[in-house]
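Values quoted throughout were computed directly from the atomic coordinates according to the rules given, and no laboratory measurement underlies them. Keep in mind that this is a model prediction, so the values were computed, not measured. Every residue, glycine as well, gets a Cβ built from its backbone with ideal geometry; the counts of neighbours run over all protein chains shown.
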Amino acid sequence: MAQKQKLAVTLYDSLARAERPFEPSIGNTVRLYTCGPTVYKSPHIGNYRTFIFEDLLRRTLMVAGWRVKHVMNITDVGHITHSETGEDRGDQIAQEAARLQKTAWEIAQYYEKEFIEDNAALNNLPPTKLVRATEHIPEQIALIKTLEKKGFTYRTTDGLYFDTSKLQNYGELAGRDSATIQAGSRVAIGEKRSPTDFALWKFSEAEGEKRDMEWPSPWGMGFPGWHIECSAMSMKYLGKTLDIHCGGSDLREIHHPNEIAQSEAATGKTFSRFWMHGAFLTVKDEKMSKSSPETNITIATLRERGFDPLDFRYFTLGTHYRKPLSFSWEALEGARAARLKLVGALAKLPKRKAAADEDMKKDILAAFADDLGAPQALARLWQGIRESASRPAVLWADHLFGLNFAHIPTASPTPPHIQALADAREEYRRSKDWQKADEMREKLAAEGWRIEDTPRGPVVHKI
Ligand code: AMP
Ligand code: ZN
């Protein structure tokens, strides 16, 4: 049977620094890897902006006709790498655990569960595979052993390091090479040979000190460096060459160049065919940060202020994923009003196919297929609604937007004579005239309506 013609999708590749036509390398399945959350605190809405952009990508690829195998990691090992230098910032999961008198394992479990729930409330599709770093220690050790065998590592007193000078094209993704960084760098590098070298395996600090999270390895008791988990787990589940690898724009500087270095040094193959990075969400021109109470806005903060997480999703759809976005409560109010207006308009749209449908669907898909042009697609959706596109066409478009329209109760408006019967029944019930109340119920049923008593009072539904 002839293969169905796939829609042409163009994506901006951060490594090529250009938009390129995309197709999966093998068959019909896209191998997508997205760097997941670090689970020592609740993710902030900046993190979720990135997860929403990645979800739009996934939805676009699916509507374009491909299957998407989406792998995301959960960084539950207690280590974070400083975003400027690649140095270890210390064991943040362990610090949070000590503060709350819980084990590192309990902290990680708690925030992982919260992430899964909040991600679902934003209507992001769950990854095909969500993988924990702590459950892939042998794979990480195996990869480090390969790198060691190939001569890419050296040992210091605190760990085993990757020697970035051994790679010609190190840092290409970030747009710099290790020599330039070395020349301009003022950071203390300790025993490292070069500022860009990074830890593959860190030793547990003191002899006899028991950490919540530590594992034996050929190099001693310790824990893996941050970058290695993504290389080990993505290649385990998706093969040596991924189709697309995503993250926020900060990861383009250190984490992703390091993932490329480790993976390509080990396999000799291209690690990912496409790299995509979402721009940052800022608050009052500041970078969001989990450690600053001013800018650390979470999904729980949104709810406390009476917002639906989908208001935030709508807010992010208004700006292209590669443009920085500044958050404010006023802007979120605006997004909520627009989303509710959309929901209200949806209930009034024709239920059967309409003349405006096909053009609207085609244009919305084309906007998403052009490097995820959500703002254009959203504007086109509004135009379609003004032109009386049908409800099924809008619900179809929601496979791309993910605003969860299908689950919004769009109860059919109750005609006045039906409402009058329902009110009369309620009146009889109040005066305990059960016989008359039942008569009203039967009359409603004869008209094709059913009455249901809910905690908020009686509600009528079309049968
Ligand atoms: P983390 O939990 O810090 O490892 O981050 C999870 C994801 O969120 C990564 O893809 C980061 O690049 C991304 N990210 C972090 N801060 C922001 C921000 N302010 N705006 C957008 N994405 C962010
Ligand atoms: Zn990663």
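Using modelled backbone amide H atoms (1.01 Å from N, in-plane), which distant-in-sequence or interchain residues come within less than 5 Å of F198's amide H?
F162, T164
Between their Cα atoms, which of K41/K113; K287/K323; K145/K269; K202/K240 are more than 22 Å away from each other?
K202/K240, as the Cα separations exceed 22 Å there.
Hey, can you list the DSSP H helices of the chain whose Cα span along the axis is 27 Å or longer and whose average Kyte-Doolittle score is at least -1.0?
Long hydrophobic helices here: 329-348.
To the nearest 20 debye, what charge dipole does the stretch 328-463 have about its Cα centre, counting +1 at the Cβ of each Lys and Arg and -1 at the Cβ of each Asp and Glu?
280
Can you give me the long-range amide H partners of L242? Hydrogens built in the peptide plane at 1.01 Å from N, cutoff under 5 Å, separation of 5 or more residues or another chain.
S272, R273
With each label point set 7 Å from Cα along the Cα-Cβ vector, what nm distance links A366 and D433?
Simple spin-label model gives 6.3 nm for this pair.
Per DSSP H run of n ≥ 4, the term is -39500 (n - 2.57); total these for the chain, divide by its residue number, and report the mean residue ellipticity at 222 nm rounded to 500 deg cm²/dmol.
-13000 deg cm²/dmol
Express as a percent, rounded to the nearest 5, the fraction of DSSP beta bridges in the chain (both residues included) that run antiparallel.
That works out to approximately 50 percent antiparallel.
Using r as the Cβ-Cβ distance of E330 and E387, and R0 as 30 Å, what FRET efficiency do you calculate, to the nearest 0.05?
After rounding to 0.05, the efficiency reads 0.50.
Can you run phi through the Karplus equation (6.51, -1.76, 1.60; θ = phi - 60°) for the stretch 23-28 and list ³J(HN,Hα) in whole Hz, with x for Gly and Pro?
Result, rounded to whole Hz: 8, x, 6, 10, x, 9.
Would you work out which of S328, V343, P375 lies farthest towards the positive end of the dipole of the stretch 325-376, given +1 charges on the beta-carbon of Lys and Arg and -1 on that of Asp and Glu, about the Cα centre?
Toward the positive end, the furthest listed residue is V343.
Neighbour counts of other C-beta atoms within 10 Å: give me E205, E229 arranged from fewest to most.
Lowest count first: E205, E229.
Under unit Cβ charges (Lys, Arg +1; Asp, Glu -1), what dipole magnitude, rounded to 20 debye, does the chain have relative to its Cα centre?
1380
Mind checking the log10 I(q)/I(0) for the stretch 266-405 at q = 0.09, 0.21 Å⁻¹? Debye, one equal scatterer per Cα, no solvent, two decimals.
-0.35, -1.25
Counting only other residues whose beta carbon sits under 15 Å from that of P43, what net charge do I get with K and R as +1, D and E as -1?
Net charge around P43: -2.
Report the FRET efficiency, 1/(1 + (r/R0)^6), for S165 and L7, where r is their Cβ-Cβ distance and R0 is 45 Å, rounded to 0.05.
Here the calculated transfer efficiency is 0.55.
Once label points are set 7 Å from the Cα along Cα→Cβ at both T146 and Q101, what is their separation, rounded to one decimal in nm?
Computed distance between label sites T146 and Q101 equals 4.6 nm.
Just grab the label-to-label distance for R305 and K351, each label 7 Å out from Cα along the Cβ direction, in nm (one decimal).
About 3.9 nm, to one decimal.
May I ask you to give the average projected area over all directions of the convex hull of the Cα atoms of the chain, in nm² rounded to one decimal?
It is 28.8 nm².
So how do R20, R450, R132 line up by other beta-carbon neighbours within 10 Å, fewest first?
With the sparsest Cβ surroundings first, the list reads R450, R20, R132.
What are the lysines whose alpha-carbon lies under 29 Å from the alpha-carbon of K353, with same-chain residues fewer than 8 places away excluded?
K4, K6, K341, K361, K362, K462
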